[in-house]
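The values are calculated or read from the model by the stated rules, or taken from the named source; none is laboratory data. The model shown is predicted, which means the values in this text are computed figures rather than measured ones. Cβ: placed from backbone, ideal geometry, glycine included. Neighbour counts: every protein chain shown. For the accessible areas, the whole protein counts, side chains as well, though only heavy atoms, and no ligand, DNA or RNA atoms are used. Shrake-Rupley method; radii C 1.70, N 1.55, O 1.52, S 1.80 Å.
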Amino acid sequence: MTMQQVFEPFFTTKGPGKGTGLGLATVFGIVKQHRGWIEVQSEIGVGSVFRVFLPAREGPCMAHKSSVKNSFSGGREIILMVEDNESLRMVTGQWLQHLGYRVLEAANGQEAMEHWNVQGGNVSLLFTDMVMPGGMSGLELAEQLRGFNPTLRVIISSGYSLEIARRNALKERGIAYLAKPYEGPTLAALVRQSLDGA
């Protein structure tokens, strides 16, 4: 049964507070978006092997980067991205960089504050997970940084149904909400919309 659920959003074998169950669901969504598939082999006491298959494409890798930039509106602004899931942080950061943004990556609120102390007024947008380790939520981080810069644009992302229910309350504070798992085009559109103040 576990093997059948491994890519389902929010399914996890970890204890409460140890995992969201969104890591593999996000990877699955990205691979499927690129017309690929994933094969899994798992044996108790031995471990698991995940093989990702993607269709071959002709031409150099840079051609893909150009098409990404042409397909979705990007920019030159600095984005402070806070996400404790390393694989999701890496993929999302690369996507935003391909669109032309400068991305400062942090795994928690403390690391985000360290980036802010260096870049401060140059950060245009905070893109943060709601639930993070270290005792500071994404909303608390946003409020703290807006204390320094009230015009800071903010997008908060979460996969928890409780947080999804709070999206209207976030909107009233001028904070955009992005549900997990999300796809690159959806993220690109919301980032541009938030930066443009739409």
Next on the checklist: Against the definition (modelled with pLDDT under 90, touching a strand residue (DSSP E or B) at 6+ places or on another chain (Cβ under 9 Å) and surrounded by fewer than 22 Cβ atoms within 10 Å (Cβ to Cβ)), how does Arg146 come out, yes or no?
Outcome noted: no
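Residues are listed down the side, and each one gets a yes or a no for (1) modelled with pLDDT under 90; (2) within 19 Å of Ser87 (Cβ to Cβ); (3) not in a strand (DSSP E or B):
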site: Leu126; (1), (2), (3): no, no, no
site: Pro150; (1), (2), (3): no, no, yes
site: Ile156; (1), (2), (3): no, no, no
site: Leu162; (1), (2), (3): yes, no, yes
site: Ala189; (1), (2), (3): no, no, yes
Checklist outcome for this item: Counted residues in the range 108-131 being farther than 19 Å from Val191 by Cα, in contact with a Gly (Cβ under 9 Å, 6 or more places away or on another chain) and open to solvent by 20 Å² or more (accessible area, probe 1.4 Å) come to 4
Checklist outcome for this item: In the range 21-48, residues that are in contact (Cβ under 8 Å) with a residue 12 or more places away in the chain and touching a strand residue (DSSP E or B) at 6+ places or on another chain (Cβ under 7 Å) total 8
